[in-house]
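The values are calculated or read from the model by the stated rules, or taken from the named source; none is laboratory data. All figures in this text were calculated on a predicted structure; none of them were measured in a lab. Here Cβ is always computed from backbone atoms with ideal geometry, including for glycine, and neighbour counts include all displayed protein chains.
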Amino acid sequence: MSRQDQSREDPHWKEKYADLLCSVRQAVSRIRPGNRVFIGTGGAQPQALVKALVARSGELADVTVLHLLTIGDAPYAHKELVQHFRVNSFFIAENVRDVIQEALGDYTPIFLSDIPRLFSSGRMPLDAALIQVSPPDERGLVSLGISVDIVKSAAENAGLVIAQVNPRMPRTLGDSFLHVHDLDFLVPVDEPLLEVLPPRPGKEIRRIGEYVAALVDDGCTVELGIGRVPQAVLEYLAGKKDLGIHTEMFTDAIIDLVESGVVNGSHKSLDRGKVVASFCLGSKRLYDYLHDNPQFAFHPTEYVNDPFVISRQHRQVAINVALEVDLTGQVCADSIGTRFFSGIGGQVDFNRGAARSRGGKAIIAMPSTAGDGSVSRIVSHLSPGAGVVTTRGDVHYVVTEYGVAYLHGKSVQERAMALISIAHPDFRERLLREAIQFRYLRPEMSDVEGRLATGPESLRTTVTLSDGTQVTLRAVHPTDQERMRDLFYQLSQQSIYLRFMTQMKRITQQQLQNWVFLDHRKEVGIVATVPESHGDDLIGMGAYYLDPRTNRAEIAFMVRDDWQSRGLGQQLFRHLTTIARRNGIGGLLAETLQQNRPMQAIINNSNLKVSSTLEDGVYCYEMLFE
C-alpha cells in the first residue's frame, strides 16, 4: 500500500510515529551515491540534516543536490566537494552562486509554477527529500511551516522523505500539511530557524517604491518578492486601504500592514480575507506571528504561481525586479551577461497572471544604474549572453527612480523614448544616439539631443474641477509626444483656430518635439491627465516660454473639447502662475483672439496686474506679479 493510500484517520498513528524516530546520522545514512536529493527552501532548510549529509561526503559521490532558494550556509557547494555533491538550483542564491558561475554546479531555468510537474511527471525523479516540519498535531499532521512552495511536491514525489521535526517551526495554515504516514524518517531537532532581516532601502530605492506604490489602488491584491525594492514599496503602501496579498513570498513588513488594517483581503476575488503565499523569509518575530494565524494561508507553488489562478484574482498587481531592460522592452532578470545570477522564479507567472487579471497591473522595477552609477540598467541591447525572462510582448510597466514607463501595446519608437526618459540622466544622450543608430527611432530625433530632461516631481499636483472631477497636473514628459499628437487631432477646428490663430490641419513632428522636449527651466510644460487602465489619459496642456531679457514668460494652453467649460483652463493657468512665481519670473504674457472670451475671462479674473492692447483682432496681455 502506498503512503498516499494510507488512512489519515489512523487512531494508532502515535505508535507508528515513534517507530519513525531516529537520529540525524541514521536518517542520512540512507542516502546513496548517485542519488538526487532535494533540500527544503529558504528559512526552512533543515540545517542539521544538511550538515550530517555533508559529513558523509567521503562515502558519497555524484549526489545531486536540488533546491529552490536557500539561505545561510551551503556546505555541499564548496569547490573541494564537487566530486561528491553537485548543485542544481532552480534559483541562484549568494551561497551557491560561485560554484554555478564556475560551471561546478548547475542552474535549471524554469518558471516556478512548472517545477512541481518536473517531480510528479518523473522527468526529474527525486531519490530523497530533506525537509523541515512542525511537530504533529493531534491528527498526526505536520506543517511545512514557512516553506510550502515546491517542498510539498518534492515530499510527495521523493522515494525517501526525511523530516527534521523542529518545535520552532510555526504551524502555518492552508494547504501546508503532510501526515506522518507520508514521512519515512523523523529527526527531532530543536534549533533556530534561519532568519533574514529586511534590507534598508536607500534614497533611490525608496523613490522607486513611491512610484510603484502610486500604481497600487485601494482594494488591489499585491504580489511582492524579497529585496530592497519590494521592501520600499511596502513602506509606501501604509496609506492604502483594503489591500489583499497573493504572492509567492513575503517578509516581516507584512506584519505592520496586517495589524494596521491596510491589508485585510476584503476585496479579493479568491481566498477573501487571507494572505496567500507559498513561503516567507524573515525574523523570529515573523515566524512566531504566523503560528496558527488564521489570516495567513500557505499553499504550494502549483496553486500560488499558477498564472490562471493569478488571473482570476481581480486587480492583481505583480511587482518584480530586473537586472537589465533593453529599449524594446526585453527584461533580463536572471543573468549578468553570460553569468547566471539569480533565476526566473515567479516573475513570468505573476507578470502574465496580473496582465490578464481584471484591472491588474504587471510591474518591473529596478534602479536605473548598477556598479555605483557606472552602468546603465536600461540599455540599447541586452548584454551578450543575457537571458530574456520577460519578453517584450509581456512587459507592461517599467519603473526606475526617474519615473514610470508604460510599454504594453506601444511601438518600438514609443518604447525607446519611454525607457530613455526614465534612464539615469548620465546615459540618456548615449541611449538616444544608439536608438537612432539601431533604427529604433527616426533620424530626426537627433534634433532633441541635449533636451532629454524630465520635469521635476514638484510640478505635480491634483486639482478638482467645477463638477468634482479630480485631475492630475504634472510636467510634460518626452513620452507624451504621441498623446500630444492625439490631443491636437481631438480638438475641433474652432478650438484649433482659437489656440493657434490659424486653421491648422496637421501638426508637424518638429512642433510636437518642441512641446515635449523642454529644459524645464526657461521652458515649462504642464499636462492634465485623468487615470485610465492603460496609464493616464491626456486631456489638456499648458506651457510658458521665458524671455530672459525681460524676465517675462509667454503662456499658452489648450483643453480637449469634451473637457472645456469645466474649469480646467483656469486650473492650468493657476498652476503655471504658481510655477512662474516660484522660479522668480516677473510676469506673464499672452496673445489671444478677440473672440476667445474664455481665455480673456481667465486672464481678467486672475488677480494679477493685467494690462492689454488690441491690435488687428488680437489682444496682447501683460500680467505682472505683485
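So here's what we get for this one:
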quantity: So GLN510, is it crowded, with 17+ Cβ neighbours inside 10 Å, assigned by TED's automatic domain parsing to the domain that holds ALA543 and part of a helix (DSSP H, G or I); calculated: no
quantity: The range 159-192: number of residues that are of a type in the set (A, V, I, L, M), surrounded by fewer than 23 Cβ atoms within 10 Å (Cβ to Cβ) and over 20 Å from GLU15 (Cα atoms); calculated: 2
quantity: Test result for LEU118, outside any loop (DSSP other than H, G, I, E, B) and under 23 Å from SER342 (Cβ atoms); calculated: yes
quantity: Residue ID - farthest from the chain's Cα centre (by Cα), chosen from residues in the range 393-408 that are more than 14 Å from GLN330 (Cα to Cα) and in a loop (DSSP other than H, G, I, E, B); calculated: TYR402
quantity: Total residues in the range 460-479, condition of a type outside the set (A, V, I, L, M, F, W, C), in contact (Cβ under 8 Å) with a residue 60 or more places away in the chain and outside any strand (DSSP E or B); calculated: 6
quantity: Options ILE131, ILE150, ILE146; residue that is at pLDDT 95 or above, in contact with a Cys (Cβ under 8 Å, 6 or more places away or on another chain) and hydrophobic (A, V, I, L, M, F, W, C); calculated: ILE146
quantity: Residue selected from the range 574-621 under the condition of a type in the set (Ser, Thr, Tyr) and surrounded by 14 or more Cβ atoms within 10 Å (Cβ to Cβ), by the criterion farthest from GLN494 (Cα to Cα); calculated: THR577
quantity: Out of THR529, THR550, THR578, sole residue that is assigned to a helix (DSSP H, G or I) and in the same structural domain as LYS609 (by TED's automatic domain parsing); calculated: THR578
quantity: All positions within the range 584-612 that are out of contact with any strand residue (DSSP E or B) (no Cβ under 7 Å at 6 or more places or on another chain) and either outside the structural domain of TYR545 (by TED's automatic domain parsing) or among the hydrophobic types (A, V, I, L, M, F, W, C) (or both); calculated: ALA601, ILE602
quantity: Residue in the range 73-93 that is assigned to a helix (DSSP H, G or I), under 36 Å from the mean Cα position of the chain (by Cα) and under 26 Å from THR390 (Cβ atoms) present; calculated: no
quantity: Any chance ASP292 is part of a loop (DSSP other than H, G, I, E, B), out of contact with any Ser or Thr (no Cβ under 6 Å at 6 or more places or on another chain) and farther than 18 Å from ASP218 by Cα; calculated: yes
quantity: Residue within the range 201-218 that is touching a helix residue (DSSP H, G or I) at 6+ places or on another chain (Cβ under 8 Å) and in a strand (DSSP E or B) present; calculated: no
quantity: Residue that is surrounded by the most Cβ atoms within 10 Å (Cβ to Cβ) [pool: residues in the range 513-526 that are assigned to a strand (DSSP E or B) and among the aliphatic types (A, V, I, L, M)]; calculated: VAL524
quantity: Search result, residues across the range 48-101 that are of a type outside the set (A, V, I, L, M, F, W, C) and crowded, with 22+ Cβ neighbours inside 10 Å; calculated: HIS67, THR70, TYR76, SER89
quantity: Number of positions in the range 361-372 that are part of a loop (DSSP other than H, G, I, E, B) and modelled with pLDDT of 95 or more; calculated: 3
quantity: Qualifying residue in the range 313-320 (condition: touching a Pro at 6+ places or on another chain (Cβ under 7 Å), under 22 Å from ASP218 (Cα atoms) and crowded, with 21+ Cβ neighbours inside 10 Å); calculated: yes
quantity: Residue check, ASP480 buried (at least 19 other Cβ atoms within 10 Å of the Cβ), closer than 29 Å to TYR211 by Cβ, in contact with a strand residue (DSSP E or B) (Cβ under 9 Å, 6 or more places away or on another chain) and among the acidic types (Asp, Glu); calculated: yes
quantity: The one condition in (1) in the same structural domain as GLN595 (by TED's automatic domain parsing); (2) modelled with pLDDT of 90 or more that THR502 fails to fulfil; calculated: (2)
quantity: Residue tally, condition buried (at least 21 other Cβ atoms within 10 Å of the Cβ) and over 15 Å from THR472 (Cβ atoms), over the range 559-573; calculated: 2
quantity: Residue in the range 436-459 that is among the aromatic types (Phe, Trp, Tyr) and outside any loop (DSSP other than H, G, I, E, B) present; calculated: no
